[in-house]
Amino acid sequence: MYVLVAIGTEERHGYAIMREIARMTEGATRLGPGGIYTTIKRLLDDGLIEECDERPDPELDDQRRRYYRLTGAGRAVAAAEVRRLESLVRAARPWALEAVE
Amino acid sequence: MIPRDSAHERVYRGLLRLYPAAFRMRFSDEMVQLFGDLLRNARTEGAPGGAARTWLRTLGDLAVTAASEHARRDRPVAHSLAAAPSIASRALGLAGILGGAVLLAAFLVEIDPDLNYLRLLLFNAGAIAIGLAVHRLQAPGSRRLSVAVVAPLILANAWYAVMVLLPTLGLAPFAGDGHFVGFLAGLAMWLTDSAFGFVIWRIGAIARWVGLALGIGSLLAILGMDRFVQGDFAWFFSPVALAGVGVNGLAWILLGLAVATRRRASDARPQEIPPGG
């Protein structure tokens, strides 16, 4: 889910995905190269993301970089997960925060 | 422009051999580059020990994800994305079930000695079929490893089948050494069955605990060979060997079931939903 959200509406390569996950979790979640690419492999296998055909300009970036974007199915899965989490948060909000404050 | 790997990156690239071959071939360049980005970032930030911390985190990440990738590699895919087993898989699995069943049948029903060769041939054919099925599953991940494990199994079972078949055809090409050559064929068969089982268990291919049972059962079955059961310890070797043969037969049945029912990845992708849909 982190990788899906980190890609979002952009086309991102592995390092950009890693940085975006660290940014949006305020450093709480830091995936390594293995964590990033085993997840990318699963998402590719499930058709939730796809590799972009275009490679970076060789003068500007390393051509080994591959960029990934969400597929329609990936966007649908992300939307469904967001709805699920929203309903969970709605159900827990009235009491969960009070319980620890 | 593709820059050359630094010394750190070359070491990391070597460590990527811990991942399954197919995964490595697909992602190693990107992973090395990402690792290089992390190291450069650590140096840019200038924190003391930045490179060492990057290495430590990366090694931890590598140990966990390489192991999980090996474990996940042969796990059946989710049913929502899987198609029914192929006809070839079903046929190979059924052959394995039949081979194990005829071996176990000897414990339950008396078989005409003249038909014993048929039972052994079916047993060998079942083992060969399971070997082929596992090779079909494993070859995309690591063809050389798959061939190295499956080829001895197939050759040894084929050799034993030939040794069983020759007398029924009235042929005795090994003259006085026939018994010894037959013993070697049987030994090779049990040993390769065992090695095959242990490898299935080790790499987590189909039904890994059945693989372990096959490995142990086949080793025990060796104790039932003529040269062992004709000694002072026959009272011990015979029942242990029979148990081993039984476990071996049961394992082939279960492996056959796993092969025949294993769902495969479908080419079909989830239906694309347009943005905002």
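Derivation of every value follows stated rules applied to the coordinates shown; laboratory data play no part. Source: prediction; values computed, not measured. Every residue, glycine as well, gets a Cβ built from its backbone with ideal geometry; the counts of neighbours run over all protein chains shown.
What does the extension gain come out to for A:A22 and A:R42, with contour length at 0.36 nm per residue minus their alpha carbon separation?
So the chain would gain 5.2 nm between A:A22 and A:R42.
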The residues B:V150, B:V240, sorted from fewest to most surrounding Cβ atoms within 10 Å, come out as B:V240, B:V150
Put in order of increasing Cβ neighbours within 10 Å, starting from the fewest, B:T168, B:T192 give B:T168, B:T192
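Rounded if a/c is under 1.5, else prolate if a/b is larger than b/c, else oblate: which is the stretch B:7-73, with a ≥ b ≥ c the root eigenvalues of its Cα gyration tensor?
Details: a/c = 2.80, a/b = 1.90, b/c = 1.47.
Cα axes put the stretch B:7-73 in the prolate bin.
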Taking Cα atoms only, helix A:14-24 is inclined relative to the longest principal axis of chain A by an angle, in degrees rounded to 10, of 20 degrees
In nm, the gap between the two label points placed 7 Å beyond Cα toward Cβ at B:H179 and B:A91 is 4.1 nm
Output field shielding_mean for A:14-25 (other chain Cβ, 10 Å radius) holds 2
Over chain A, the sum of -39500 (n - 2.57) across DSSP H runs of at least four, divided by residue number and rounded to 500 deg cm²/dmol, gives at 222 nm -19000 deg cm²/dmol
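How do A:19-32, B:119-132 rank on mean C-beta neighbours within 10 Å, highest first?
Numbers: A:19-32: 14.6, B:119-132: 23.5.
In descending order of packing, they fall as B:119-132, A:19-32.
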FRET efficiency for A:R84 and B:R143 from the Cβ-Cβ distance with R0 = 45 Å, rounded to 0.05, comes out at 0.60
